[in-house]
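S.K.: Dropping a structure here in structure tokens format, bear with me for questions.
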Amino acid sequence: MFKPLEPFKELTTLQERINKMFEDVLPSFNLQDSKWLPAVDIYETDGNIQIEVEVPGMNEKDCKVKIEDNTLTISGERKFEKKESKDNYYRIERNYGSFIRSFFLPDNIDKEQIKAKYENGILKVELPKKSEAKPKEIEIAVQKQNKEGL
């Protein structure tokens, strides 16, 4: 019958589309395994769309936020910290390396007012919505017409 409303459809990442393209052509090739992609939450408030990117172990200098046309790109690199010790690692499960995430911006975003801040391992990007143009109401005085048409 009806499909559910998808308010964030325009924010589907470019990376997901590329991954899907490769999965269709080469099912055994998985881009998710080949590079580090931090987890991203996207949600909407009354006046903004918020993007929160998990980047623990990084600082604000390691992250870049760029806008080109209608695409917001978040990139960065988490470097492997080589510890000078005689201990041998048995397992390393943390991800290291560079990442890039791209998001298509809806038309109602005010690109000039986008802000980003880094706090406790989370990069928070605030995308303010444009104020909606309200219809202007104009009152027009109605005059009575006399018998002569004036």
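The values are calculated or read from the model by the stated rules, or taken from the named source; none is laboratory data. Predicted, not measured: the structure shown is a model, and the values here were computed from it. A quick note on method: Cβ atoms are made from the backbone with ideal geometry, for glycine too, and the neighbour counts reach across all protein chains shown.
S.K.: Out of (1) farther than 23 Å from R17 by Cα; (2) touching a residue at least 24 places away in the same chain (Cβ under 8 Å), what's the single condition that is false for N95?
M.R.: Evaluating N95 over (1) farther than 23 Å from R17 by Cα; (2) touching a residue at least 24 places away in the same chain (Cβ under 8 Å) leaves (1) as the failure.
S.K.: Does any residue of segment 78-94 turn out to be surrounded by 12 or more Cβ atoms within 10 Å (Cβ to Cβ), basic (K, R), at pLDDT 90 or above and under 27 Å from the mean Cα position of the chain (by Cα)?
M.R.: No - not one qualifying residue is present in segment 78-94.
S.K.: If K61 meets every condition in (1) closer than 16 Å to S102 by Cβ; (2) among the basic types (K, R); (3) modelled with pLDDT of 60 or more apart from one, which number is that one?
M.R.: Failed condition: (1).
S.K.: Considering (1) in a strand (DSSP E or B); (2) under 22 Å from E16 (Cβ atoms), say which one Y118 fails and leave the rest.
M.R.: (2)
S.K.: Could you go through segment 20-36 and let me know if any residue there is within 23 Å of Y96 (Cα to Cα), at pLDDT 90 or above and in a loop (DSSP other than H, G, I, E, B).
M.R.: Scanning segment 20-36, I find no residue that is within 23 Å of Y96 (Cα to Cα), at pLDDT 90 or above and in a loop (DSSP other than H, G, I, E, B), so the answer is no.
S.K.: Next up: Quick check on S131: is it modelled with pLDDT of 75 or more, assigned to a strand (DSSP E or B) and of a type in the set (S, T, Y)? Walk me through it before giving the result.
M.R.: Details: modelled with pLDDT of 75 or more: yes; assigned to a strand (DSSP E or B): no; of a type in the set (S, T, Y): yes.
Against the criterion (modelled with pLDDT of 75 or more, assigned to a strand (DSSP E or B) and of a type in the set (S, T, Y)), S131 does not qualify.
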